[in-house]
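The structure under discussion appears below in the form of structure tokens.
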Amino acid sequence: MNQIPANDAVVATTNGITRGEVILEATDLVRRFTAKGEGGLFAPKKTLVAVDRVSLALRAGEVVAIVGESGSGKSVLSRLLARIITPSAGTLALRGTPIDLRSRRTTAYANEVQLVLQDPFASINPVRRVGRSLERPLRIHGTPKDQVQARAYEVLESVSLTPPQQYLDRFPHELSGGQLQRVNIARGLSVRPKVLLADEPISMLDVSVRLGVLNLLRELCDAHLLAMMYITHDIASARYIADETAVMYAGQVVERGRGTVVIDAPVHPYTQLLVSSVPDPDQLTHQEHRATTANAVGFNLEGCRFSPRCPHATELCHTSEPPMVELEDGHSAKCWLVADAAQRTAVSMRPGPSSEG
Amino acid sequence: MTTSSNPVLEVSHFNVDYGVGAAAVRAVDNVTFTLERAHVLGVAGESGSGKSTLAYGLTRLLRAPGIITGGDVHLHLGTDADARRMDLLAASEAELRAIRWKHISVVMQSALNALNPVRKIGKEFDEVLKTHNRSMSKSARKDRARELLGLVNLTPDRLERYPHELSGGQRQRVMIAMALALQPELVIMDEPTTALDVVTQREIVAELQKLRQELGFALIFITHDLSLLVELADEIMVMYAGRIVERAPALELYRGPRHPYTLGLMGSFPPLHGERKVMTGIPGSPPNLKDLPGGCAFHPRCPYAMERCTLEDPMLSPIEDGQRTVACWLHDPSVSAAVPVELRRKDAALAGEAG
């Protein structure tokens, strides 16, 4: 469980990748879905925006955590990056090369960007031995036949399933959830991808083995300089593992920041609500929960998406969408309160008498 | 715990098996506890620890191949004047039907499975109220249903909706309102908020605390989330491989666990504040009930395991003047090994150093 320090004297490079280099970059990704309209069979169709102008960069050796509730669009985002779903708009670039999003996903792309899903019992074929599930992607991605088994051994060892021969001949039901999720991660890593997208990788696992898998992901990220996206609804686990955290609400990133700043000092009212909702026995005494309207569902599509539930919402919030405002060191939030405060600071810092308003 | 008691549920040496004969697997093993009136008992454990089987077993909702193979379960009904003690394990189906909803009700994790998808919410309420109170008029039933929805912060128009038209949180609120409809003495909730978002979970837990103060029912709340229990429960019972390994008042348990498994469980949740440091969780995998290790079931994963742990299973015994109970050899007076400082009483540790 040793982490390689980021400021290692020797600049870590693997396969010509430098730590911190941007591997996968998404700019203004949008995905719309058409849904059944309200009011009968022939009602006009509704458009749902699942992912709304999301930009992010995944860097080698870093973990970006995407935090959000169910329905916030975080899983759709991971599938857009894996190119399982085609974006409605926006661009993707892999190591600086723009990807033609109208074409089909190539094997070469899948080789670089791998997705690990939440439920290992659902994502690994139950009637095949673990070995076969592991070897198949290797064959597809052109590993020479005589090296397939050696590579399967190697990846099982890298996820601490040792000795590997003990696992290759087992069926998924013979393994525990934690072990099977390690197999799932091993399978994702077997083709030596540069990007690993992990969608809720620990939420189906037993509480006592979650940290083990989380530590494993962090180690793999550091050791192989993987650019990792960690999707979760568990804020504490994001705080534990991430180099950067982005909070999603209704398809948009509403707050993001490096390190733990988003969770330790949230500025967006939604992030504040989220953080204060987590059970925290250390702060039982001064627990005060912000009143939001529990029955308010549905998002405001005109202004700020969160405004129907926000305790601080003003007229402006309901009518126009706030910009993403940078506060400091890459900590930014999409909220009018923050935008106003930032503007006021900027105004007061302006030299000389300034004519305001 | 204390002798002067007013219990609502007494469970002793309760066992549940899955299957029979040589293939039988013991899912709940020798569970004994008493739940006081209007108290909240939290049951914590991982999947396979037997916590849900316990809930199904106690309420006689267990389905084959689950079999209750031993023990006693008594429910105390009514108040002083017409109080009676009912043997739940000996009760007939008809007797059980009469007490379900009215004296004991259950809220399960998935409200979507608990509600009939082709029936409006109002109809479900109507049926519960009608079955247990024939004399109640239709309009009175409707008023009561509205009132109950109000208790859980739902608007009365939800009565005209189908389950699929409600969000997960709203459905779980409906289930809670129905569980409280006939003011039972005991409500059992099995992971009621696990499928919900944290914000919704927070709202429901807050409502639950308020309702409990108003209505005074006893609650058994089952979850894997220890931190949630610390907020909600009076006492917490930790289960591992079908057994109770530790029981203590909620805050005491949180501040100082005595069983290595409880300590490991608490170390499995990354904190929300403070310095980020590498944590380890609990090594190994949860036990396979078909093939439990000999001695204490936790010993293969326990950093403090001694030889005795591999040979003999520790009994759940009171420690610290009966304030709490724990099943661990480390705390057995006959064992000479010193209790590790992290599993020791804090003031006792100080006293030990001074002396």
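What residue, of A:174, A:200, is open to solvent by 10 Å² or more (accessible area, probe 1.4 Å), in contact (Cβ under 8 Å) with a residue 24 or more places away in the chain and among the acidic types (Asp, Glu)?
None of the other options fit; the residue is A:200.
Give the residue that is nearest to the chain's Cα centre (by Cα), with candidates limited to residues of region B:131-144 that are basic (Lys, Arg) and loosely packed, with under 14 Cβ neighbours inside 10 Å.
Among them, the one singled out is B:134.
Select the helices (runs of 4 or more DSSP H) contained entirely in region B:234-353, then report the ones holding at least 1 residues which are over 26 Å from the mean Cα position of the chain (by Cα).
Once the helices (runs of 4 or more DSSP H) in region B:234-353 are filtered for at least 1 residues that are over 26 Å from the mean Cα position of the chain (by Cα), what remains is B:307-311.
I'm trying to understand the selection: among the residues of region A:25-61, which are free of Cβ contacts under 8 Å to residues at least 12 places away in the same chain and among the charged types (D, E, K, R)?
Step one: of region A:25-61, the residues free of Cβ contacts under 8 Å to residues at least 12 places away in the same chain are A:36-45.
Those that are free of Cβ contacts under 8 Å to residues at least 12 places away in the same chain and among the charged types (D, E, K, R): A:36, A:38, A:45.
List every residue pair whose Cβ atoms lie under 8 Å apart, where the two residues are 6 or more positions apart in sequence or sit on different chains, the first residue falls within region A:99-118 and is small (Gly, Ala, Ser), and the second residue, located anywhere, is surrounded by fewer than 16 Cβ atoms within 10 Å (Cβ to Cβ).
A:110/A:141
Identify the residue in region B:158-170 that is open to solvent by 40 Å² or more (accessible area, probe 1.4 Å) and at pLDDT 90 or above and, among all such residues, is nearest to the other protein chains (Cβ to nearest Cβ).
The residue in question is B:161.
For region B:106-147, which residues satisfy the criterion of being over 22 Å from residue B:192 (Cβ atoms), part of a helix (DSSP H, G or I) and aliphatic (A, V, I, L, M)?
B:140
So, in region B:267-285, how many residues would count as being touching a Leu at 6+ places or on another chain (Cβ under 6 Å) and either surrounded by fewer than 18 Cβ atoms within 10 Å (Cβ to Cβ) or more than 12 Å from every other protein chain (Cβ to nearest Cβ) (or both)?
Narrowing region B:267-285 to residues touching a Leu at 6+ places or on another chain (Cβ under 6 Å): B:268, B:279, B:281.
Keeping just the survivors that are either surrounded by fewer than 18 Cβ atoms within 10 Å (Cβ to Cβ) or more than 12 Å from every other protein chain (Cβ to nearest Cβ) (or both) gives B:279.
Of the residues in region B:267-285, 1 are touching a Leu at 6+ places or on another chain (Cβ under 6 Å) and either surrounded by fewer than 18 Cβ atoms within 10 Å (Cβ to Cβ) or more than 12 Å from every other protein chain (Cβ to nearest Cβ) (or both).
Only one of B:229, B:154 is within 12 Å of chain A (Cβ to nearest Cβ), touching a helix residue (DSSP H, G or I) at 6+ places or on another chain (Cβ under 7 Å), crowded, with 17+ Cβ neighbours inside 10 Å and assigned to a loop (DSSP other than H, G, I, E, B). Can you tell me which?
Within the list B:229, B:154, the selection yields B:154.
Which residues, counting only those in region A:202-220, are among the basic types (Lys, Arg) and facing chain B (nearest Cβ under 8 Å)?
Once the filter is applied, which keeps residues that are among the basic types (Lys, Arg) and facing chain B (nearest Cβ under 8 Å), region A:202-220 yields only A:210.
Collect the residues in region B:183-211 that are over 18 Å from residue B:38 (Cβ atoms) and more than 13 Å from chain A (Cβ to nearest Cβ), keeping them in residue-number order.
Across region B:183-211, the qualifying residues are B:190, B:192.
Can you tell me which condition residue B:193 does not meet? The list is (1) at positive phi; (2) at pLDDT below 90, and all the others hold.
Evaluating residue B:193 over (1) at positive phi; (2) at pLDDT below 90 leaves (1) as the failure.
Need pairs with beta-carbon distance below 9 Å; first residue under 15 Å from residue B:261 (Cα atoms) and among the small types (Gly, Ala, Ser) and within region B:314-327, second modelled with pLDDT of 90 or more and open to solvent by 70 Å² or more (accessible area, probe 1.4 Å); sequence gap 6+ or separate chains.
Every condition considered, the pairs that remain are B:327/B:315.
Of all residues in region A:241-277, how many are out of contact with any Gly (no Cβ under 8 Å at 6 or more places or on another chain) and either of a type in the set (Ser, Thr, Tyr) or surrounded by fewer than 18 Cβ atoms within 10 Å (Cβ to Cβ) (or both)?
The number of residues fulfilling the criteria is 9.
Every residue in region B:286-345 that is among the aliphatic types (A, V, I, L, M), under 29 Å from residue A:174 (Cα atoms) and open to solvent by 50 Å² or more (accessible area, probe 1.4 Å), please.
B:292, B:311
Select from region B:202-226 the residues that are more than 20 Å from residue B:246 (Cα to Cα) and in a loop (DSSP other than H, G, I, E, B) and list them in ascending order.
Residues satisfying the conditions are B:216, B:217.
The values are calculated or read from the model by the stated rules, or taken from the named source; none is laboratory data. Treat the numbers as computed from the prediction; the structure is a model and nothing was measured. FYI the Cβ positions are ideal-geometry reconstructions off the backbone, even for glycines, and counts take in every protein chain you see. These accessible areas exclude ligands, DNA and RNA; they are computed on the full protein's heavy atoms, side chains included. Shrake-Rupley method; radii C 1.70, N 1.55, O 1.52, S 1.80 Å.
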